[in-house]
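Notes follow the structure.
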Amino acid sequence: QVDKMADHAIKADKTVLYEHTGQAPSPSKNYVQVIVNSKGVILRVWRINPQSGIHHLGAADSVHEDICTLEEFTKFDTLHDQILRAADQDVLTQAVAAAKAAVPH
């Protein structure tokens, strides 16, 4: 997890290199967003109640967010595993490619 200043900088960056939004793979009803921008990677998951199909805004753990820098994302696979669980291999592959292309060599 990045510090609060880096967290804010990543969220504020509007240079989107890759973005995926959509429903998580079945049987999940959760809604997923993966953003790779020029400063980092953001994974957001809105938890949807599988019985009612409703998102309970404000409920504990109703929205989960993970953020890391591009460097962290390309060196460590912690967020990779979370993206794979929340989305699918294609989303992960595209996010990794976008992040690697953006990291200064």
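Tabulated results
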{"quantity": "Value at 222 nm in deg cm²/dmol, rounded to 500, when DSSP H runs of n ≥ 4 in the chain each add -39,500 (n - 2.57)", "calculated": "-10500 deg cm²/dmol"}
{"quantity": "Accessible surface of Ser26 - all protein chains present, 1.4 Å probe, nearest 10 Å²", "calculated": "110 Å²"}
{"quantity": "Relative intensity, log₁₀ I(q)/I(0), of the chain from a Debye sum that treats every alpha carbon as a point, q = 0.22 Å⁻¹", "calculated": "-1.16"}
{"quantity": "Whole-number accessible area per residue in Å² for the chain, which is evaluated in the context of all protein chains at 1.4 Å", "calculated": "61 Å²"}
{"quantity": "Within a Gaussian network of the chain (alpha carbon springs, distance under 10 Å), most fluctuating of Val16, Val34, Val45", "calculated": "Val16"}
{"quantity": "Cα lying deepest toward the dipole's positive end in the chain, options Thr74, Val63, Gln94, charges on Cβ", "calculated": "Val63"}
{"quantity": "The chain: most fluctuating residue of Ala24, Ala95, Ala12 per GNM, C-alpha cutoff 10 Å", "calculated": "Ala12"}
{"quantity": "Highest-fluctuation residue, His64, His20, His80 considered, GNM on the chain with Cα pairs under 10 Å", "calculated": "His64"}
{"quantity": "Magnitude of the charge dipole, the chain, Cβ model with Lys/Arg +1 and Asp/Glu -1, debye to 20", "calculated": "220 debye"}
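The values are calculated or read from the model by the stated rules, or taken from the named source; none is laboratory data. These numbers were taken from a predicted model, which means no experiment stands behind them. We place every Cβ from the backbone using ideal geometry, glycine too, and count neighbours over all the protein chains shown. Accessible surface areas use protein heavy atoms only, side chains included; no ligands, DNA or RNA. Shrake-Rupley method; radii C 1.70, N 1.55, O 1.52, S 1.80 Å.
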